[in-house]
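Structure, as structure tokens:
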Amino acid sequence: MAKTTTISGWGLYPIVDASVRRAHYRRDLGADDETSVLPQGSCRSYGDACLHDRVVSTLPLKHLLDFEPKQGLLRAEAGVTIEDLIRFAVPRGFFPPVTPGTKFPTLGGCIAADVHGKNHHADGSIAAFVEELEMVLADGSQVYCSRHLLPDLFWATLGGMGLTGFVYAATLRLKKISSAYIQQRSIKTANFAETCRIFAETQQQYTYSVAWIDSLKKGRQLGRGLILLGEHAPADEITKKELFPLHSDSRLDVPFFFPSFALNTWSMRAFNSLYYHRQWSHSSTATIHYNPYFYPLDMVHRWNRIYGRKGFLQYQVVVPFADGEEIMADVLRRIAHRGIASLLTVLKTLGPANEGLLSFPIAGYTLALDIPLTDDGIVPFLRELNKTIVDAKGRVYLAKDAILEKEDFAAMYPQLEEFKRVKRHYDPEQRFRSRQSDRLGIT
């Protein structure tokens, strides 16, 4: 039975009224007599990609179906979260092969967004580790797809934002690990040029890399930050009593929405300065648990309330390495000049693109910012930045998007027409759609 409720993505913008039907079994996956519907996970995407007037929640589909330990192959239903995978895998000496910056998205959502992590430059996106998808299509038929079986559907679904059909289950190849710890090296950089140089020098040395950027600094300190490099720690270098401890469930909480004036240029300058100067030396090393390395924000429950009731946009773009340093420096310069109070600004490098028709990663620099919706000029400013990204042959990440315009989207994703062709083949009546797909002209 469907229930009418108010839903939003993690950015709390936009907010829509929707009819939500929960799928408890494979047979519950279907469009029924509805004119259109959207598969939905835990709504950890930021914009309107997970929103539609009618959604089918896959959250009850939380079963782990099969595990083959020799190859690390796990078959799981779409509503299983990254956290569920971790709780099963880590005690057995495995870890998710790719993880975003939070462990609360569902497996189905990660497939829909073809998520990438701190290791894309080395290992690629989650698509590289998905062996097979079990799907329910618009006509109710159940199909399997992979690189060899219905490959057009497979590559349209990975990164296809839930628009090709329901993912009931997926077979995922896990990563073998020797402990639950990460050997972290933290490097303090003076400016964006140094940040990019260190990224370039360390890409072949470390599986994981990410940089926090002080987005409010200008001039010679533009783009200063902290680079966090990481590797899974070998067992013989762990002095702890237990090799595979799981993360704790205890978290801080944000019990109310912050007032809109709490995040401003002055408060964020103070925060950024304290965070930057928490490390006094140029370089430091430590062995830490996987939780603070991969999921620092997960330690604060409902942290999105810090941005107030108006919510926020997460703006993530990628530009190719050719002229990428110069282009990203220009983007940071314009953001600093605008005085945007981003609580979290992150820079990573991405490796080569895969065959996903709407998959985000291309080889280059990717920058992500949390931007409070504090004034009416934010959206026009970001849309102007999008023009720069289009000119650079870059793109915006659909899992974070709420404001991209149709013509810019088409310019950023050259395989859009091929995606539409595949979608028409498997969903000729366009029954799978979202607020985002309607806005961007996909449906």
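The values are calculated or read from the model by the stated rules, or taken from the named source; none is laboratory data. Quick caveat: nothing in here was measured; it's all calculated off a predicted structure. Heads up, the Cβs are rebuilt from the backbone with ideal geometry, glycines too, and the neighbour counts pull from every protein chain shown.
Before moving on, here are some points about what is shown:
- Of residues in the range 216-257 being of a type in the set (A, V, I, L, M, F, W, C) and over 27 Å from ALA368 (Cα atoms), the one nearest to the chain's Cα centre (by Cα): LEU246
- Scanning the range 31-56 for residues that are crowded, with 21+ Cβ neighbours inside 10 Å, more than 27 Å from SER260 (Cα to Cα) and either in contact with a Lys or Arg (Cβ under 9 Å, 6 or more places away or on another chain) or not polar (S, T, N, Q) (or both) yields ALA31, VAL37, LEU38, PRO39, GLY41, HIS52, VAL55, VAL56.
- No other residue among LEU297, LEU243 is out of contact with any strand residue (DSSP E or B) (no Cβ under 7 Å at 6 or more places or on another chain), surrounded by 12 or more Cβ atoms within 10 Å (Cβ to Cβ) and within 29 Å of CYS43 (Cβ to Cβ) apart from LEU297.
- The range 412-436: number of residues that are without any contact (Cβ under 8 Å) to a residue 24 or more places away in the chain, in a helix (DSSP H, G or I) and surrounded by fewer than 17 Cβ atoms within 10 Å (Cβ to Cβ): 3
- MET135 being closer than 18 Å to LEU416 by Cβ, in the same structural domain as PRO69 (by TED's automatic domain parsing) and in contact (Cβ under 8 Å) with a residue 12 or more places away in the chain: no
- Residue match in the range 80-89 (condition: surrounded by fewer than 23 Cβ atoms within 10 Å (Cβ to Cβ), touching a strand residue (DSSP E or B) at 6+ places or on another chain (Cβ under 9 Å) and part of a loop (DSSP other than H, G, I, E, B)): no
- Sole residue being at pLDDT 95 or above and touching a Pro at 6+ places or on another chain (Cβ under 8 Å), chosen from LEU358, LEU332, LEU350: LEU350
- Cross-chain or 6+ apart pairs with Cβ under 6 Å, the range 63-75 first and within 20 Å of VAL98 (Cβ to Cβ), then part of a loop (DSSP other than H, G, I, E, B): GLY72/LEU174; LEU74/LEU174
- Scanning the range 241-253 turns up no residue that is closer than 18 Å to GLY339 by Cα and in the same structural domain as PRO296 (by TED's automatic domain parsing).
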